[in-house]
Each structure stands twice: as C-alpha cells, then as structure tokens.
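Just below is one structure, and these are the notes that go with it.
The values are calculated or read from the model by the stated rules, or taken from the named source; none is laboratory data. Just so we're clear, the structure is a prediction, and the values are computed from it rather than from any experiment. We place every Cβ from the backbone using ideal geometry, glycine too, and count neighbours over all the protein chains shown. Just the protein is used for accessible areas: all its heavy atoms, side chains included, with ligands, DNA and RNA removed. Shrake-Rupley method; radii C 1.70, N 1.55, O 1.52, S 1.80 Å.
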Amino acid sequence: MADRSSADSGRADGAAHAQAGPEEDGTAPPAEYRTAELARAAGITVRTLRFYRERRLLPPPRREGRIAWYNEHHLNRLRTISALLARGHTLGGIADLIDAFEKGRDAGGAAELLGLESTLVSPWSEETPVRLTPEDLAAHFPDEVTSENLAAALDLGYVAVDGDEVVHVSRRLLDASTALVGEGIPLEAVLEAGRVVREHADAVADLFTNLVRARLFTDVRELSPEDLRRLSEVMDRLRPLAKQVVDVELALAMDRRVRAELESWSRPDGPEEEAGAERQERRGPDGGPGGPEDGEPQGRGG
C-alpha cells in the first residue's frame, strides 16, 4: 500500500517537478519522472514498469529519500524494450542483451540493439503516447470506432490496449487523424493512407541507413567503441538533414500534384469533353453515321 500511495501522490508532485522553470543560466532543467509519469510517457502501466525494474531491465533510479526519480535514459530504455518485444524478442533475451552490453560481452550485437538507444531511439522518435478511455476515443472519431478500424489501428501499431484504456503511439498522429476525420474523410481511409505512408517512410528510412552503412561504414563488420562514437555523431548530424530532405521533397511533390490536379479540372478538353468529341467524330459532321462501322462499306463508287 505504501508503494501505491507514494506513486499516486507522486502524480501531483511530479507534475510540479516537470513544470519547473529554467535553470539560472537559461537552460531547461533535465527531464525527470516519477514512477507513474515515466510509465505514462512510455505508454505502459506502473505495474509493468515495476516488473521491468524487478527484472533489472532498467538502471536504478536516482533517489531522494523514498522518492525514485527517472530520467530520459530510463525512458529510452523502456522504448527500446518495447521495440525489441515488437520484433519478437523475449524479456529473457532482452535481459541477456542488456547484461552483455553492460558487461562488455558481445559488444557488437548488443550495442546495435541496446547501446545506441540514446542515439537511435530517443532523438528520432520524439512522439508522446496518449492514454485514452473508450469514451475519449469515441469523442475523437464519432461513429467511426468500429471493430474493423480498431483492428487496422492495432495492426499499424497506432494503438495498443492496456487494461481498460487505449494507448495511442503519438499525440501528433492522433491530432492529425482527428482533423482528417473532422474534414469528412472516413477513418478507414485515413488508416489505409497511414499504412501506405508507413511503407514509403520505411523505404526512405532504409535509403538513409543504407547510405550511412554503405558509404561511411563500408569495412565495419563489428561495432567497436570508437565506431559507436562515430556512428552516434553521424546520426546526430543526419537526423535534421534527413528530416529536411523529406520535408522539402514532400512539399515540392504536393506543389506538383496540386498544380496537375487544378490543370486537369480547368482544361476545356477534360475527360468528358474528349469523350463527347470522339462520339461526334463517329457520327459525322451532319449528325449521321460517319464511319465504316456505322454505314456502308468504304471503297465503292456512287
């Protein structure tokens, strides 16, 4: 009971801690979370968080008396665990990978999955999960929360069920989906568009990572500590560049596509007009039959 009460009381105190102002030098204070706050940020339950801690999947938190404070490193680790679980790894296997990395054994394989979490997970994935009750979800998508749409959202990984609540993977995606449905686009179509965008996004991600591996780490077969540091630096520089390229190319593509659509709507010889002209040509200038298929065979004199 003491653990539960301290976690519950931490919600209010933790919220105040999270809203603390900047340091005296003007920089933002390091983000820290109490147990319940960390669980919400990671999209898991407090019970799951405590289970991970008992299994030693998380480093020990910083303590102030009986209060445990977690930081961004713990949040990154939780996101890494979730990603590995989604890829089919077991908790036992994840624990072995963490142990191997922290003790320096099999540094190449373990580091690839876990040692780069601060570089490969947190900086690229900056999304905030959102916990929703069924009523909240229905309010976002009135009359659209069907079993088919829920199944599609689950398959995409947009949502996960946690007890009586639904956890959406991204506040920004939730807001965008809500806005699109509000414009009159069915949720089914929004989810299908999301699936297609996911495929293209995966292809773009493959392109950038293959560029780095093929051009900058051509001869690397196993990541050494020096390689890890260099990869971390490269990824830090690549992140804004990759986002910039994708943003510019998408904007240019939308400009081209919108112009093409507007031109197709404004052409006097649009599809319907072209079809009408073709019918008139077949009928002849006087409205009568105008081709071999409509009249007498050609080639005979009067």
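Things worth noting here:
- Residue in the range 208-224 that is modelled with the lowest pLDDT, counting only those that are open to solvent by 90 Å² or more (accessible area, probe 1.4 Å) and assigned to a loop (DSSP other than H, G, I, E, B): 222
- Here residue 169 meets each of (1) open to solvent by 40 Å² or more (accessible area, probe 1.4 Å); (2) in contact (Cβ under 8 Å) with a residue 12 or more places away in the chain; (3) over 15 Å from the mean Cα position of the chain (by Cα) with one exception, condition (3).
- Residues of the range 162-196 that turn out to be hydrophobic (A, V, I, L, M, F, W, C) and assigned to a strand (DSSP E or B), as a count: 2
- Candidates 236, 227, 255, filtered to the one that is modelled with pLDDT of 90 or more and open to solvent by less than 100 Å² (accessible area, probe 1.4 Å): 255
- Residues that are among the polar types (S, T, N, Q) and part of a strand (DSSP E or B), drawn from the range 34-81: 71
- Annotation note: Cβ proximity below 7 Å between a residue of the range 130-141 that is modelled with pLDDT under 95 and a residue that is of a type in the set (Asp, Glu) and surrounded by 13 or more Cβ atoms within 10 Å (Cβ to Cβ) (sequence gap 6+ or interchain) occurs for 131/165; 132/165; 133/165.
- Restricting the range 57-88 to residues that are of a type in the set (Lys, Arg) and touching a residue at least 24 places away in the same chain (Cβ under 8 Å), the residue that is surrounded by the fewest Cβ atoms within 10 Å (Cβ to Cβ): 66
- Flag for residue 139 being part of a helix (DSSP H, G or I) and closer than 23 Å to residue 43 by Cβ: yes
- Conditions (1) surrounded by fewer than 12 Cβ atoms within 10 Å (Cβ to Cβ); (2) more than 30 Å from residue 135 (Cα to Cα): number failed by residue 164: (2)
- Single residue of the range 112-129 satisfying the filter (modelled with pLDDT of 50 or more and over 26 Å from residue 221 (Cβ atoms)) that is surrounded by the most Cβ atoms within 10 Å (Cβ to Cβ): 129
- Neighbours by Cβ (under 6 Å, 6+ apart or cross-chain): first from the range 30-56, within 16 Å of residue 67 (Cβ to Cβ); second open to solvent by less than 40 Å² (accessible area, probe 1.4 Å) and among the aromatic types (Phe, Trp, Tyr): 32/69; 33/70; 38/70
- Of all residues in the range 181-207, those that are under 17 Å from the mean Cα position of the chain (by Cα), open to solvent by 60 Å² or more (accessible area, probe 1.4 Å) and closer than 27 Å to residue 146 by Cβ total 7.
- Count of the range 29-45 residues, restricted to those that are aliphatic (A, V, I, L, M) and open to solvent by 30 Å² or more (accessible area, probe 1.4 Å), is 1.
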